[in-house]
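Throughout, read-outs are computed from the coordinates displayed, never taken from laboratory work. Since the structure is predicted, the reported quantities are computational estimates derived from the model, not experimental observations. Here the Cβ positions follow ideal geometry from the backbone for every residue, glycine too, while neighbour counts run over all protein chains shown.
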Amino acid sequence: MDDLYLPRLARIAEVRDETPDTRTFVLQLRDGSVADTLPFVPGQFLELSVFGCGEAPFCIASSPTRPQALEVTVRRTGQLTDALHTLGPGDEIGLRGPCGNGFDVAAARGKDVVFVAGGIGLPPLRGLIWNVLDERESFGRVTVLYGARTPSDLVYKNELADWGRRDDLELLVTVDRAEPGWEGNVGMVPILFDMTELQPASSLVYVCGPPIMIRFVVQDLLMRGFGEDAVISTLERMMQCGVGKCNHCAIGHRYICRDGPVFSYRQIREMVE
Amino acid sequence: MSDQDAARGGSAGPRGAYAIERSRIDDWVSTVLALGEVIAPMAGHGGDVLYAPVETPDQVLWEFDNSLHPPKEVLLPQTDPLFEIRGERSGWQVAAVRPREPRILLNARSCDASGIRFLRGVHEEDLRDSAYLRRDADLTVVSLSCPQPCSQGFCICCDAGPFLDDGFDVQLTDLGEVLLAEVGSAKGEALVRTSDGLFRPASEQELSRRRMLEAVAIDSFGESTCHFGSAMRRISTGRVVEALWDTMSDWCFECGACTLVCPTCYCFSIKDRQSGGGWQRCRMWDSCQYGAFTLEASGHNPRPHRKDRVKRRFYHKVSAQYYLRDGTVGCVGCGRCVTVCLGTTDMPAVVTAIRKGVWNG
């Protein structure tokens, strides 16, 4: 790329409401196919521009195994996400990337894979989940543990229902607070650990969610015998450039946007703030 | 060899040395003015020294205390439009807006020429910022050595002065009746060559005088030095006690001035700014010393306290981890942070405190 900061243009093909404040945007590149011109791995992110407002990083919520769909799921939390939420099908945005390292899919082949997500932490894992399901025979047991504050805050509700019907995937969902009509689990995500059979020796665990949830989940996993290299997370920081230059997302001499956002728990523990 | 090295002539160290009579300097500046925009130290309103475009040779200062603002703004403007944005929500046009033009930075002090070299490394490292590097390649840096080092400088501790071995296109040294011009790159060679008859090869006596001036300049630093070594060891291994960071950051007013005047600081944000009927996407200076630098949209801030931010600044500048990446400390010893800090959270004070384990702020 000649200019690090020059975005490409993409058209919003479809918008799906996930929760009262979260939407999924399906994007189409204006100047080429995703497969040919935007090769990525699950866990990488894009810098999206809402022109006139600015740009911000968002995890790719889809998988290279389904190159026809390039999706991001965005919760409204600030100026740029507010502006993005006013856009609909046919509108155009800017896009840079893919940025960051992404998940090491090859390292997970042959292993049991466990996904632990909290709230808006499911979208960054969803690309890897799709990838695993699309190459299902390459992986061992697949477990998805997902929690949100309330049933309304669960994203991808239709997809969760599909996953729940599969017999090659175990899905457990919980909410912090039930709402009328909710008959599922109530409690924080770690309560789900006792409802499934975790296999620390043969598994990789992918954790994403709010910082406090990550802390408790990781502590719990380590006590259950998971190694520090077997617990993998994707970190978030205030980011600007996405290419390791601006220094906003630095922790020590590492840049979340460039060396990450995916790190093992061992790498995270060794970082000096 | 990178494009930049090629542009600068590749080899480290001077390629040749020439001399020009002092009485002919203005003639030379006139020929340089014909080659492109010349940015040089000049007297601003009120007598402050500042680096700005000059129009006539007599505006150029040859003896001056260094400017408060480093000439890094020549390559990194405070607000730097990256491209123009036109259109509306259903269709946009985005076009880069960086014109190429030859420019000459004249009489940059050794520390500031070293700052420009540092910034080049940052933009070359890992993913190359080609737009920045093109602008850098279009700039010819003529540095002016410092036979009489300034009172607050400690460039000697950073390999950034008072005389340079490389990192310039031309290095000038004032020998009295004559100025010595050491050439460091093909661009520098061109600048001296275009001035037919003004320069002649330097004599052995002139080169010898230059070496003597450098030795005297080095001697004059005496105790006014900044001992990075042990501070680097302690910062890199997390062996600076938290209480010391607490005490040192008590003297920081979070004004960010140290970062704004630092020749090696380059933290930035990217913002859209209205322009004509559309917008410009701009790269704008930011500072790691501001609380909002790491503030996330959720409200979470991983560096909530002033101490965290002061610690971050000195980790970036002095840790071995960054030293290995950048090949140097993130400091050129210009002493500007000493001048501008309202407290005493400047480089020599912090490095001394870490080395001795005691804060005398």
Qualifying GluC sites (Glu not before Pro) for segment B:80-178 [loop in DSSP, other Cβ within 10 Å: at most 11]: B:E177
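Of A:I256, B:I20, how do they rank once you tally other Cβ atoms within 10 Å and put the fewest first? The partial results should precede the final answer.
Values: A:I256 26, B:I20 20.
Starting with the residue having the fewest Cβ neighbours, the order is B:I20, A:I256.
Grab the other residues whose beta carbon is less than 13 angstrom from that of A:I60, score K and R as +1, D and E as -1, and report the net.
Numbers: positive: A:R66, A:R96, A:R126; negative: A:E47, A:E71.
My count for the surroundings of A:I60 gives +1.
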Whole-Hz ³J(HN,Hα) from phi, Karplus 6.51 cos²θ - 1.76 cosθ + 1.60, for segment B:283-295, glycine and proline x: 8, 10, 3, 9, 9, 5, 8, 8, x, 7, 4, 10, 5
Estimated distance in nm for a label pair at B:R89 and A:E183, the labels positioned 7 Å out from Cα along Cα-to-Cβ: 4.1 nm
Interchain or long-range residues, amide H under 5 Å from A:R66's placed H: none
Residues with amide H under 5 Å from that of A:V186, placed H, sequence gap 5 or more: A:V175
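Residue by residue through A:46-54, how many Cβ atoms from other chains fall within 10 Å of the Cβ on average? Working shown, then result.
Details: counts 0, 1, 0, 6, 2, 12, 11, 3, 8.
For this peptide, the per-residue mean of nearby foreign Cβ atoms is 5.
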Of A:G102, A:P7, A:C53, farthest towards positive along the dipole that unit charges on Lys, Arg, Asp, Glu beta carbons give segment A:1-109: A:G102
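Cα-Cα pairs above 12 Å in segment B:171-212: how many percent?
61 percent
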Pair-distance profile P(r), taking every C-alpha pair of segment A:1-138, with 5 angstrom steps and integer %: 2, 10, 20, 24, 20, 13, 7, 3, 1, 0
Residue-by-residue Karplus 3J(HN,Hα) for segment B:329-338, coefficients 6.51, -1.76, 1.60, Hz, glycine and proline x: 6, x, 7, 10, x, 6, x, 5, 5, 5
Derived scalar couplings ³J(HN,Hα) [segment B:150-167; Karplus, 6.51 cos²θ - 1.76 cosθ + 1.60; whole Hz; x for Gly, Pro]: 6, 5, 9, x, 9, 4, 4, 7, 10, 6, 10, x, x, 10, 10, 9, 7, x
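For a quick protection proxy, order the peptides A:135-144, B:253-262 by their average other-Cβ count within 10 Å, most packed first. Don't skip to the end; give the middle numbers.
Working: A:135-144: 16.0, B:253-262: 18.7.
Descending packing order for the listed peptides: B:253-262, A:135-144.
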Where the Cα pairs of the protein assembly as shown fall when distances are cut into 20 Å bins, in %: 18, 44, 29, 9, 1
Magnitude of the charge dipole, segment A:8-99, Cβ model with Lys/Arg +1 and Asp/Glu -1, debye to 20: 120 debye
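Which value at 222 nm does the protein assembly as shown reach when only helices count, each DSSP H run of 4 or more adding -39,500 (n - 2.57), with the total divided by all residues and rounded to the nearest 500 deg cm²/dmol?
Rounded to the nearest 500, the figure is -7500 deg cm²/dmol.
Taking every residue in A:6-15, how many Cβ atoms of other protein chains lie within 10 Å of its Cβ, on average? Intermediate results must be reported in sequence, preceding the final value.
On the way: counts 7, 5, 1, 5, 0, 2, 2, 0, 0, 0.
Other-chain Cβ atoms within 10 Å of each residue's Cβ, averaged: 2.
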Spatially close lysines, pair count over the protein assembly as shown: Cα under 21 Å, gap of eight or more or interchain: 11
Cut-off under 5 Å, modelled amide H: who pairs with A:L87 long-range: none
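Above 20 Å lies some portion of the pair distances; for segment A:105-234, what is it as a whole percent of all C-alpha pairs? Walk me through the numbers on the way to the answer.
Numbers: 3301 of 8385 pairs.
Here the long-distance tail beyond 20 Å is 39 percent of all Cα pairs in segment A:105-234.
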Directionally averaged projected area (convex hull, Cα atoms, chain B), nm²: 20.6 nm²
